[in-house]
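Chemist: Below you will find the structure I want to go over with you.
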Amino acid sequence: MHTVERAIIMAAGTGTRMRPLTDRTPKPLVSVNGVPMIESVLSALYENDIREVYIVTGYLAERFAYLKTGFPGITLLENPMYGSWNNLYSLYTAREYLCNCMILDGDQIIRDPSALDKRFERSGYNAVWTDAETNEWLMTVEQNIVTACSRTGGTHGWQLYSVSRWSEADGRMLAGHAEEQVALGNRTIYWDDLALFCYPEQYRLGIHPMEPGAILEIDSLAELAAADPSYAKYL
């Protein structure tokens, strides 16, 4: 078994699909039922005794400073390229902290803190089995190893959620691959592409199964309004 020692929260994006709410507020700081989404993430991390936390900021970076008061152990890392690169550069910004880490997005709601359990057997992503049609990233798993991932979804597979754990060896490899792709100037890829599509044979990822509803990902105003009806006026 491996143990997560630190967490990296991705929070640099501009949240364009959530405008006008994100015109003056970073998406992870948008409140759902009175609680900023990133505080839901931080509370769940702390409940799992993961208290060394690095938040990669970019858009409206100064708005995250208040978190250091309520959550001791936070370090803010600023991604200067958030506007011209995809989130690969956020991973690159945090590359020295990737060993024995959990990487997760700041714009989600953790409903069940056990979904962030710090123990894991193999590097990989939280996932929920689905038989229904989905357009989310869908992984094929054979003998506990991820053998394929569809960016466009499908049916009968493991839906990927943006919580992942990385062992010391895999975290070191992930950092090296991030440096390699940044050196190549590959601005358009997601950081998740590294292990899932660019170098999949080098990682042999597993999954961390969880119950449906344990994590709520908010990707649009419609999903936000479904979680908090006070936002229905923006639809």
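Chemist: Which percent, nearest 5, of DSSP beta bridges in the chain are antiparallel? Please list the in-between numbers first.
Modeler: On the way: 25 of 45 bridges.
Rounded to the nearest five, the antiparallel share is 55 percent.
Chemist: Could you check which residue among LEU98, LEU21, LEU77 shows the biggest mean-square fluctuation in a GNM of the chain with a 10 Å Cα cutoff?
Modeler: LEU21
Chemist: Suppose we keep just the DSSP beta bridges with both residues in segment 1-133; what percent of those would be antiparallel, to 5?
Modeler: Taking every DSSP beta bridge within segment 1-133, about 20 percent pair in antiparallel fashion.
Chemist: For segment 32-149, what is the charge dipole size about the Cα centre, in debye to the nearest 20, if Lys and Arg each add +1 at the Cβ and Asp and Glu each add -1 at the Cβ? It would help to have the intermediate numbers written out before the result.
Modeler: Values: 8 positive and 16 negative charges, 75 e Å.
I would put it at about 360 debye.
Chemist: Go ahead and estimate [θ] at 222 nm for the chain from helices alone: -39,500 (n - 2.57) per DSSP H run with n ≥ 4, summed, over the residue count, rounded to 500.
Modeler: For the chain, the value works out to -5000 deg cm²/dmol.
Chemist: Per residue Cα convex hull volume for the chain, in cubic angstrom?
Modeler: Roughly 118 Å³ of hull volume per residue.
Chemist: Using alpha-carbon pairs under 8 Å, 6+ residues apart, how would you state the relative contact order of the chain in percent? Please report the intermediate quantities before stating the final value.
Modeler: Details: 487 pairs, mean separation 57.5, N = 235.
Contact order relative to length: 24 percent.
Chemist: Calculate one ³J(HN,Hα) per residue across segment 98-111 by plugging θ = phi - 60° into the Karplus curve 6.51 cos²θ - 1.76 cosθ + 1.60, and present them in order as whole Hz with x for glycine and proline.
Modeler: 7, 6, 6, 10, 10, 10, 8, 7, x, 9, 9, 10, 8, 8
Chemist: Given PRO26, ASN186, HIS2, which one lies farthest toward the positive end of the charge dipole of the chain, if we put +1 on the Cβ of every Lys and Arg and -1 on the Cβ of every Asp and Glu?
Modeler: PRO26
Chemist: Taking 0.36 nm per residue of sequence separation and subtracting the Cα-Cα distance, how much length would be gained by fully extending the chain between SER150 and GLU96, in nm to one decimal?
Modeler: 16.5 nm
Throughout, read-outs are computed from the coordinates displayed, never taken from laboratory work. Remember, it's a predicted structure, so these values are computed and weren't measured experimentally. Neighbour counts are summed over all protein chains in view; Cβ atoms, including those assigned to glycine, are modelled from backbone coordinates with ideal geometry.
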